[in-house]
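These notes concern the structure reproduced below.
The values are calculated or read from the model by the stated rules, or taken from the named source; none is laboratory data. As the structure is a prediction and not an experimental result, all values here were calculated from the model. So basically every Cβ, Gly included, is an ideal-geometry build from the backbone, and we count neighbours across all protein chains shown. Side chains are part of the model used for accessible areas, which takes the heavy atoms of the whole protein and leaves out ligands, DNA and RNA. Shrake-Rupley method; radii C 1.70, N 1.55, O 1.52, S 1.80 Å.
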Amino acid sequence: MLKRIAVFSLLLITLVTPSTANAQTEVGAQSFNYDGVYLTQENDRLIKGFEFDKDQELIKVIVNHQGDRNRERIDLLHQLSVQGMDLYVLSNLNPTDTSEKMQENFQEFQKRYSYDTKAIYQEVSQLIEPGMKREDVTFLLQERIPGVYQHQDFYLISQPYIYLSQNLWIVEALGTRVLRFELSNDLEEITDDFGVSYLREDDN
Amino acid sequence: MKKLLNFKALYLGFLSLLSVIFISSNSVMHAQESSLTTDIPFSGVYVNQEATSEIKELYFYADQKVVLISLNPDYTGLETIFPLYSALNNPELVVTPQKNHDAEAEALVLNQIMPDYAQIYAAVAEEITPSTPFAEAELRVNFKVPGLYRLEAFNWSTPRSHNYILSQPLIESQGQDHFFNMYNLPVLALTSNLNDETLVNERGQIFEKTADTLPELDALIDQ
């Protein structure tokens, strides 16, 4: 009898405990498969649209400089672009703090956002072509190093952490939630958490 | 006849005077002939004690051909460094080399304008480790690419503000006068005394040498 209770309990625990999956762009049958440019028709929004690059794991948040709505989202991206990865780590995580919680936070952060600087600079140095400007080389680095980077007409979210939560795709950068999209199987349209729809632009 | 002789004497005297003037001016020109170089003529830390000066400290890192310019945070006068930084922030600013430079000098200026990025980034890749922060790796690139950069505080035990790095300047020296240029724009103009213990800028402000090295910057570069 006791043996049956133990086995049943063990089975129950296994079924109830959620799996601890790694960095999530796939949950079950759902995948964040958006790729290409998505734009809104609402001209008063500061966010004109998004460009998703699934292969490179990049999201460009395209800015409409004439807009004035959703300013808080742009402000957040700007703050993260100024703060950068290194200052974020210094401010929020302390690798030398031996407390269990801090170590757990730091390891989780590293699992999601770690990068090999040496390998990246070696790779990029071989991609540099004559006539390239410094800003071109910097962009090659930004594509490979997790973070948020401000450009004249867009913010680049590089290597974001994307996961599904309660039917919303959550996009995190530097441990901070920056974007949320409604779950949908339709890849021609994407809707953010303000209810703004962005339609896919045809490839030219 | 007498008049002719007087005229000849006058004429010869006039020619002699012209020759003296010509030779003297050539001598002066040779004495003031400037040399254009990437070699920084001083090394060490120079401090200006005046409370009202724009620049508080200059650190000449001769080995790396880099000058750290530390500004006075309490300065409220006309700024010179920040406007230059704004103008020079784009390393692709192309300035036509002045025509009176010789071929070697022109080559130096052109090299300043169009650095070999592939070589520079490969060199930085050799210096860094997999865990080197992005900001530090970029700083190492800045040390190799000519320009005037703002030095952002990062990971230093005592964060510094109002710091700029003048990287790979071209220096034109005329005797004890030294002009630090970036893309043909003057950034610093300094006159040194004979033993280089004191520097005076164009505003008459005095910088005295206080140390040979700046440990926190040395530690970063020499890692």
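Of the residues A:155, A:113, which is under 25 Å from residue A:182 (Cα atoms), crowded, with 17+ Cβ neighbours inside 10 Å, more than 14 Å from chain B (Cβ to nearest Cβ) and of a type in the set (Ser, Thr, Tyr)?
Among A:155, A:113, only A:155 is under 25 Å from residue A:182 (Cα atoms), crowded, with 17+ Cβ neighbours inside 10 Å, more than 14 Å from chain B (Cβ to nearest Cβ) and of a type in the set (Ser, Thr, Tyr).
Among the listed residues A:126, A:142, which satisfies the condition of being more than 24 Å from residue A:52 (Cβ to Cβ) and within 14 Å of another protein chain (Cβ to nearest Cβ)?
Sole residue among the options that is more than 24 Å from residue A:52 (Cβ to Cβ) and within 14 Å of another protein chain (Cβ to nearest Cβ): A:126.
So which pairs qualify, if the first residue must be in the stretch B:118-144 and within 7 Å of chain A (Cβ to nearest Cβ), the second must be open to solvent by less than 10 Å² (accessible area, probe 1.4 Å) and part of a loop (DSSP other than H, G, I, E, B), the Cβ gap must be under 7 Å, and the two must be at least 6 apart or on different chains?
Short answer, once both residue conditions are applied: B:134/A:145; B:137/B:128.
So is residue B:80 open to solvent by 30 Å² or more (accessible area, probe 1.4 Å), closer than 18 Å to residue B:169 by Cα and at pLDDT 65 or above or not?
yes
Of everything in the stretch A:39-64, what is under 19 Å from residue A:202 (Cα atoms) and either among the acidic types (Asp, Glu) or open to solvent by 80 Å² or more (accessible area, probe 1.4 Å) (or both)? Give them in sequence order.
Residues satisfying the conditions are A:41, A:42, A:48, A:51, A:53, A:54, A:55.
Where the second residue is in a strand (DSSP E or B) and hydroxyl-bearing (Ser, Thr, Tyr) and the first is closer than 21 Å to residue A:64 by Cβ and lies in the stretch A:151-165, which pairs have Cβ atoms under 6 Å and are six or more apart or on separate chains?
Every condition considered, the pairs that remain are A:156/A:149.
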